[in-house]
1. Any chance you could count how many residues in segment 97-132 are in contact (Cβ under 8 Å) with a residue 40 or more places away in the chain and over 12 Å from I77 (Cα atoms)?
2. Identify, from the list K27, K33, the residue that is surrounded by 13 or more Cβ atoms within 10 Å (Cβ to Cβ), within 40 Å of the chain's Cα centre (by Cα) and more than 30 Å from I137 (Cβ to Cβ).
3. Restricting attention to strands (runs of 3 or more DSSP E) lying wholly within segment 41-147, give those where 1 or more residues are surrounded by 12 or more Cβ atoms within 10 Å (Cβ to Cβ) and aromatic (F, W, Y).
4. Determine which single condition R18 fails, assuming it passes every other condition in (1) out of contact with any helix residue (DSSP H, G or I) (no Cβ under 6 Å at 6 or more places or on another chain); (2) modelled with pLDDT under 90; (3) not acidic (D, E).
5. Just one of (1) modelled with pLDDT under 95; (2) more than 27 Å from the chain's Cα centre (by Cα) trips up K48, so point out which.
6. Applying the selection to segment 118-139, what residues are modelled with pLDDT of 95 or more and among the small types (G, A, S)?
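The values are calculated or read from the model by the stated rules, or taken from the named source; none is laboratory data. Predicted model only: the values in this text are computed from it and were never measured. Reconstructed Cβ throughout: ideal geometry from the backbone, glycine too, with neighbour counts over all protein chains shown.
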Amino acid sequence: MKLHSLKPAKGSTHKEKRIGRGEASGKGGTSTKGNKGGQSRAGYKSKKGHEGGQMPIQRRIPKRGFTNINRVEFKIINVGKIDHYAEKYGITEFSLPNLYVNGLIAQNDIVKILGNGELKGKFTFKVNAVSEKAKSIIEAAGGSIEIVK
């Protein structure tokens, strides 16, 4: 075997389709692009969502509901998960920086403690909001709450 005699495997390479090179190419005339219209011409680009003149789906489907621009989206932590987080991450003070450092919230999250579950340990909380039920559970366990803005 010599370098000058190497060839690709049979059937692994294909001949380039040479469009627009006259009738003898077998693809002459319209160059496989059909007759007239934007798609047969150079520089054609279809718009996103265009359905060829048919009413687009975003216009066929009716609008539904609305988005309240004043909505406050809280990152919720239930009281039942507090003991688990304290054991897993070694946290006794649930403040925004502590929660962020341990990957429980994002940098700009607004945190609210809700009262679903039970609390065994005594913890301090420095969060944005607390429900009434959660407040009573935390204070009954001997913990303290501070609301931060």
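1. Number of matching residues: 2.
2. Exactly one of K27, K33 is surrounded by 13 or more Cβ atoms within 10 Å (Cβ to Cβ), within 40 Å of the chain's Cα centre (by Cα) and more than 30 Å from I137 (Cβ to Cβ), namely K33.
3. 74-78, 93-95, 124-127
4. (1)
5. (2)
6. A129, S131, A134, S136
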